[in-house]
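The values are calculated or read from the model by the stated rules, or taken from the named source; none is laboratory data. Note that this is a predicted model, so its numbers are computed, not measured. We place every Cβ from the backbone using ideal geometry, glycine too, and count neighbours over all the protein chains shown. The accessibility values were calculated without ligands, DNA or RNA, using every heavy atom of the protein model including side chains. Shrake-Rupley method; radii C 1.70, N 1.55, O 1.52, S 1.80 Å.
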Amino acid sequence: MTLYDLVAPAVEARCEPRYRIAGIRAADPLGADAIHAAVPAMNRDADIPALTVALRSLVPDPDRTASLGVVDALAAVRDLGLLLGSLKRHGVQPLAAVPEALPVLRQLGHRTDMVPRDTVHHYTTWNPLGARQRMYTGDPMEGHLQNAVRMVFPALVAALDTCTELAGLEPYDPRFADALDRTGQHVQAMVDSIDFTVAEVSPEFFARGLRPYFEEIDVAGRDYLGPAAAQVPLWLVDLTLWQSDRSSPEYDAFLDESVLYSLPSWRAFHAAHRGSTSAVSKLSAAISWESTPRLPPGLAASAVSLARVLRILKTFRARHIGIARKAYSDDLRLYEAGSGGAPIALLRSVLDLTRDNETLVRHANVRMHAPGVAASASAPVPASATSSLREKRYTP
């Protein structure tokens, strides 16, 4: 039994309509099943006229659009979105070719409280399985990539709960370490997902076969990114653990853009916690008040748990960079930036921030103050590491 099997039923049971995954997958409000079965062949042949007719035929009239509930509206955006990305991949601005889709997308965006085009959630989590699966290419590797993202959605929903709990706790509280441990279990799903991707999806297929379908489109004079994996909100864990007050201007600017593509409740989480005191800063403040050579057991446990979950985040980011370097190498890449708009240099910067926070927590807390280990017997820790940890804000 996987973590997905344990968490997914709890996600479905919630009142949030965007968590009604099975219902959204089953929905076909535009009668798009037959058309989407033919989309991979249209894309293979670069059949722009057929793709244009397909998009036009799916656009509902205003009355039909207004009648859709949130579940059906999400499915409608999903089914229009695959055609938007297909046309753009072949060099056509889809709303210039089918202008009647513009007011519909804007109305659906308002109805779903999301951006007026498809996101990574539409393309993966809310996408039907099996014969009804919507795909650009029909290649098995595309299906594997979609499954890799599907794996993490329930875990991220659960992580939102544990991070909300963590934000209201202090490091001396035993629940602080417990919330961190549960968060780490959820984040591990990201590592499992990227390992699955490495095993099943070649860098060449992603770079040349799939990446072109994730380009931005123009919606009423504004560009909206395609369904990029960067929209999977690992940032909500970063925000609670360190990013809220130990970030960099570049990462902050990237998140300000990425948050727009999230679910409404996740955007609300970001708004509520940005600029708040992170778990790393809480721990460093607590340590600064301790004058004994070893920390109290509860505080030491929090330090161990925080270092552990930061290490999991670091592992994910290191493996992500490995994939990105291959897909965007000189001999493969068709684009300078990733599908989420971030260059590899930003991925490297965020990995460095994650690693620095993990190193500071681990060195200054675990090695120097681990229960049962005398300070004099611990491996030496540079004074700069301890003093840096006690700074309110980390500056790279």
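Inspection of region 287-294 finds a residue satisfying the criterion of being part of a helix (DSSP H, G or I) and either modelled with pLDDT of 85 or more or surrounded by 20 or more Cβ atoms within 10 Å (Cβ to Cβ) (or both). Of Ser284, Ser247, all but one fail to be at pLDDT 85 or above and in a helix (DSSP H, G or I); the exception is Ser284. Could you count how many residues in region 134-168 are open to solvent by less than 30 Å² (accessible area, probe 1.4 Å), under 25 Å from Gln185 (Cα atoms) and not in a helix (DSSP H, G or I)? Result for region 134-168: 1.
Checking Leu334, Leu347, Leu306 one by one, the residue that is open to solvent by less than 30 Å² (accessible area, probe 1.4 Å) and either modelled with pLDDT under 85 or at negative phi (or both) is Leu306 and no other.
Only one of the numbered conditions (1) more than 30 Å from Met42 (Cβ to Cβ); (2) touching a Ser or Thr at 6+ places or on another chain (Cβ under 9 Å) is violated by Asp256, and that is (2). Mind checking whether some residue in region 313-324 is in a loop (DSSP other than H, G, I, E, B), of a type outside the set (Asp, Glu) and modelled with pLDDT of 90 or more? No, there is no match, as no residue in region 313-324 is in a loop (DSSP other than H, G, I, E, B), of a type outside the set (Asp, Glu) and modelled with pLDDT of 90 or more. Output yes when any residue across region 83-90 is hydroxyl-bearing (Ser, Thr, Tyr) and more than 30 Å from His273 (Cα to Cα), and no when none is. Yes, region 83-90 contains at least one residue that is hydroxyl-bearing (Ser, Thr, Tyr) and more than 30 Å from His273 (Cα to Cα). Taking (1) at pLDDT below 90; (2) touching a Lys or Arg at 6+ places or on another chain (Cβ under 6 Å) in turn, Ala230 satisfies each apart from (2). Residues being open to solvent by 10 Å² or more (accessible area, probe 1.4 Å), under 18 Å from Ala220 (Cα atoms) and β-branched (Val, Ile, Thr) are entirely absent from region 116-132. Selection over region 247-292 of residues that are among the basic types (Lys, Arg) and within 22 Å of Val120 (Cβ to Cβ) gives a count of 2. For region 98-105, the count of residues that are small (Gly, Ala, Ser), at pLDDT 95 or above, more than 26 Å from Pro233 (Cβ to Cβ) and open to solvent by 40 Å² or more (accessible area, probe 1.4 Å) is zero. Evaluation of Gly91 against the conditions (1) at positive phi; (2) small (Gly, Ala, Ser); (3) crowded, with 21+ Cβ neighbours inside 10 Å shows that the sole unmet condition is (3). Scanning region 196-227 for residues that are of a type in the set (Gly, Ala, Ser) and surrounded by fewer than 21 Cβ atoms within 10 Å (Cβ to Cβ) yields Ala199, Ser202, Ala207, Gly209, Ala220, Gly221.
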